[in-house]
1. Once the other residues with Cβ under 12 Å from the Cβ of residue A:100 are scored (Lys, Arg +1; Asp, Glu -1), what is the net sum?
2. Could you check what % of the DSSP bridge pairs in the protein assembly as shown are antiparallel, to the nearest 5?
3. Between B:90, B:144, B:202, find the one with the highest GNM mean-square fluctuation for chain B; connect C-alpha pairs within less than 10 Å.
4. Sorted from largest to smallest, which semi-axis lengths in Å does the alpha carbon gyration tensor of the stretch B:100-145 give for its equivalent ellipsoid, taking the root of 5 times each eigenvalue?
5. Which one, B:200, B:107, B:72, has the greatest fluctuation when you compute a Gaussian network model over chain B with C-alpha springs under 10 angstrom?
6. Taking only DSSP H segments of four or more residues, each worth -39500 (n - 2.57), what value at 222 nm results for the protein assembly as shown once the sum is divided by all its residues, to the nearest 500 deg cm²/dmol?
7. Please compute, over every Cα-Cα pair in the protein assembly as shown, the percentage with a separation greater than 26 angstrom.
8. For chain B, what number results from the quotient of the Cα radius of gyration and 2.2 N^0.38 Å?
Amino acid sequence: MHELSMAQNIIEIVERHVPRESAADVAAIRLRIGELSGIVPESLDFCFSALVRETALAEARLEIERIPIRARCIDCLAEFGVEESRFLCPSCSGGALEILSGRDLHVVDIELHERIEKDS
Amino acid sequence: MSVITIERKVLEKNEEFARRNREMLQARGILALNLVSSPGAGKTSLLERTLAMLKEEIRISVIEGDLQTDLDAQRVARFGVPVVQIVTHGGCHLEARLVRDALEQLDLETVDILVIENVGNLVCPANYDLGEAMKIVLLSTTEGDDKPLKYPEMVRNASVLLINKIDLVPYLNCDPAVLRRNALQINPSLKVFETSCTTDAGIREWCHWLKKEASAARK
């Protein structure tokens, strides 16, 4: 259930960066979420929708880019994708790895609808 | 369409609180441990055995995280050590800000080791830095030897693995050597102990190591 707390944090970040009067123009919030972050995107989406219902952000949607886990072997410097929790170098079987990507948990940017000025 | 570039960590606020906690603890030479496990793996029992063995030699304070109750805090308080309870009211993990609030209730000048017992959960606490020096992950033999593979982020972030309930191995379909191998495959630098809070197996070794770490943190 930590997706609920994540969704809350995301909304706070949006509120800090988008002026209150533009909140209703937010079309999309782009996120980068690594496979190692333990976040279930469907669950995050569900929590986000529940929190923004009947708020200015009600129309905003989450666009989630999943980042696969990549690592570099500290011994032989081979770079590879980590699948099924096999944190072992496929070249030399070394276990000392540097994680290159997959921990990400970032708000990348926010897309706003251009406001169409209406004649009164 | 217009785009506002953000590039911020979702948990930046938590990380800021964690950084301040860590500074505060390190400045006083306190060894802060974030104790994590599934519900029922034996975090509180381990803490009880550790307090029984070390409390005369080392000043230990405890922060207890719990979903609903202060039952664990009551168990710890019987040992006469300072304990602060955080009830998360259903929240599945502790956050750095809650720990900061708890720290304000402790006299940090009289603490050598601070144990933060997290809420029983191996998923969410992996994301939330509390400002600890290290995460201690407890896996019990009843959970199966493939458990580390299911929670790789927690195993990667931990410094120590305690394989608990080791006395039950004769009755279980769990090979502690396989469990250890699975964990070390994910995190080769993991320090591993095998413990039982019923027979006290391994508790002496664990406490001995803890004492050494605490004196290293004081320097």
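1. Values: positive: A:70, A:72, A:103; negative: A:79, A:98, A:104.
That works out to 0.
2. Expressed as a percentage, antiparallel bridges in the protein assembly as shown total about 35.
3. Its mean-square fluctuation being the largest, the pick is B:90.
4. On the way: eigenvalues 135, 33, 16 Å².
The equivalent ellipsoid of the stretch B:100-145 has semi-axes of 26, 13, 9 Å.
5. So, out of B:200, B:107, B:72, the one fluctuating most is B:107.
6. On the way: 10 runs with 108 residues, N = 339.
Calculated mean residue ellipticity at 222 nm is -9500 deg cm²/dmol.
7. Values: 31059 of 57291 pairs.
Summing the P(r) of the protein assembly as shown above 26 Å gives 54 percent of all pairs.
8. Values: Rg = 17.4 Å, N = 219, 2.2 N^0.38 = 17.1 Å.
Chain B yields a ratio of 1.02.
Here, each number is a calculation from the coordinates, and none is a lab measurement. Predicted model, so just to flag it, every value in this text is computed and none were measured. Backbone-built Cβ (ideal geometry, glycine too); neighbour counts: all protein chains shown.
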